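K.L.:
So that we are looking at the same thing, I have put the structure below in structure tokens.
The values are calculated or read from the model by the stated rules, or taken from the named source; none is laboratory data. Fair warning: this is a prediction, and the values are worked out from it, not measured in the lab. Heads up, the Cβs are rebuilt from the backbone with ideal geometry, glycines too, and the neighbour counts pull from every protein chain shown. When the accessible area is computed, the model is the full protein with side chains, heavy atoms only, and any ligands, DNA or RNA have been set aside. Shrake-Rupley method; radii C 1.70, N 1.55, O 1.52, S 1.80 Å.
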Amino acid sequence: MWGIGGRYYWGRKERRGKVEGTVVIFSWMSSQDRHLKSYVDLYSSLGWNSIVCHSHVLNQFFPDKATSLASEILDELVEELKVRPCPVVFASFSGGPKACMYKVLQILDGKCEKHVNTDKYRLVRDCVSGHIYDSSPVDFTSDLGTRFILHPTILKMSRPPLLASWLAHGLAFGLDALFLTRFESQRAEYWQTLYASVSLGTPYLILCSEDDDLASCEIICNFAQRLQKLGGDVKLVKWSSSLHVDHYRHHPVEYKAAAAELLSKAAVIYSRRIQQLEGEKMGREGTQDEILDPLHNPREATVSSTPSFRRVALNLNDHFVPTSLEYDVGPVQDERKERFIPLSSTPPSINPHGVLGQILFDVCVPKNIENWDIKLSSSSRAAFGSSRRQPHFNPIKCIFRSRL
């Protein structure tokens, strides 16, 4: 699919059977589909789907074009991962990180001005599980594009035509005059973004050659050492003789073994991360349930809470069960056991020998009523008798007793 900053397509998109994950291939500048076919087949043989990204040459000078292509790739990944979540590995070749991939990392990390909200791509971030750098990363200077285009491995000839060499160097000189200051700031931002990817907690596989005159072996080794100091899991494979972005053709067995090891690590990292995210999700749901339970059963929550809340439970119980001021809560149906709540406060008292006490006694106590057979239990008679002898008289208790 064509976009502003380049194009992308699915090299392999298999949904049936067992699919280990998806590799996003950020190819080198001026690459063609036939150049990436061997890598698509390699990842396919290991059970991985692949997306191939071809970036425009001018993306190194115009970051907006790289951002546009990066957002399109992320949108494609979101749609695919919603259907079938799986680990995602970024495989970058030569200048692919500067032309597109570093903008993908910035968007996922919320450091891209046009994509501050990272919620849209959180699913992709959770699935990123590994990085592969083949003849990469390169220290992006303004003349790298010119040197790359004129390189014999790209032109497939020993020496470039004179006219093409003049045009390329003239273009590089003009771009230097227009973008020199901006280019240096972008270069610093580019390296900072690559180093910041350590926060994803993913393993790295870095492949390079000592005789690569486009991707300096010294720069790549320094990059690997810096990642290790930052806490990254890095495996560096270095050959003494291998052409730029041509390591797989010269060392197929070693290359495939290293790639298979990295992809296996990525699958394990993804599995652990998903288990951790599910555990955190269950923990949050459990916390929410604990908060919501008191709302569904306020009586149970207040009774079983700390002693400072048990006084509140008495007030709540008064709204649920009509009781007197001195009572035992009957058997409350509870999952665990019956619970009795004693009254902690002292009831109001009235002098039984006063005028008001005598009036209430005459009104509350039933006298000779025909055809009524009132039998009080021994405990009730004791309570009734003691109420007249005790200095503290409870008229409200008599009111409830008279209603019987």
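K.L.:
Working with all protein chains in place, sort E76, E254 by solvent-accessible area computed with a 1.4 Å probe, largest first. List each step's numbers first, then the result.
P.N.:
Values: E76 45, E254 100 Å².
Most to least solvent-accessible, the answer reads E254, E76.
K.L.:
Separate question: Using heavy-atom solvent-accessible surface (probe 1.4 Å) with all chains present, what is the largest-first order of F62, F140? Display every interim value, and only then the final one.
P.N.:
On the way: F62 75, F140 0 Å².
Output order, biggest surface exposure first: F62, F140.
K.L.:
Taking the Cβ of C127 as the centre, find all other residues whose Cβ is under 12 Å away and add up their charges (Lys, Arg: +1; Asp, Glu: -1). Write down the numbers at each step before the final one.
P.N.:
Values: positive: K82, R84, R122, R125, R273; negative: E80, D126.
Net of charged neighbours comes to +3.
K.L.:
Next question, about the same structure. Could you tell me what percent of the accessible area of region 1-104 is made up of carbon and sulfur, with a 1.4 Å probe and every protein chain present? Show your work: numbers first, answer last.
P.N.:
Working: 1960 of 3720 Å².
The computed percentage sits at 53.
K.L.:
Same structure, new question: Using 7 Å Cα-to-Cβ label points, what is the W10/T118 separation (nm, one decimal)?
P.N.:
Taking the simple label geometry, W10 and T118 are separated by 2.8 nm.
K.L.:
Let me ask another. Do any chymotrypsin sites (Phe, Trp or Tyr not before Pro) in region 194-225 lie in a loop, going by DSSP, with at most 11 other beta-carbon atoms within 10 Å of their beta carbon, and if so which?
P.N.:
Numbers: sites: Y195, Y204, F223; in loops: none.
Within region 194-225, no chymotrypsin sites (Phe, Trp or Tyr not before Pro) qualify (loop, at most 11 other Cβ atoms within 10 Å).
K.L.:
Using the Cα gyration tensor of region 36-130, with a ≥ b ≥ c the square roots of its eigenvalues, what is the shape: rounded (a/c below 1.5), prolate (a/b larger than b/c) or oblate (neither)? Intermediate results must be reported in sequence, preceding the final value.
P.N.:
Working: a/c = 2.22, a/b = 1.14, b/c = 1.94.
Oblate is the answer for region 36-130, as a/c is 1.5 or above yet b/c matches or exceeds a/b.
K.L.:
Taking a probe of 1.4 angstrom, what is the accessible area of I274 in Å², to the nearest 10?
P.N.:
Per-residue accessible area (I274): approximately 50 Å².
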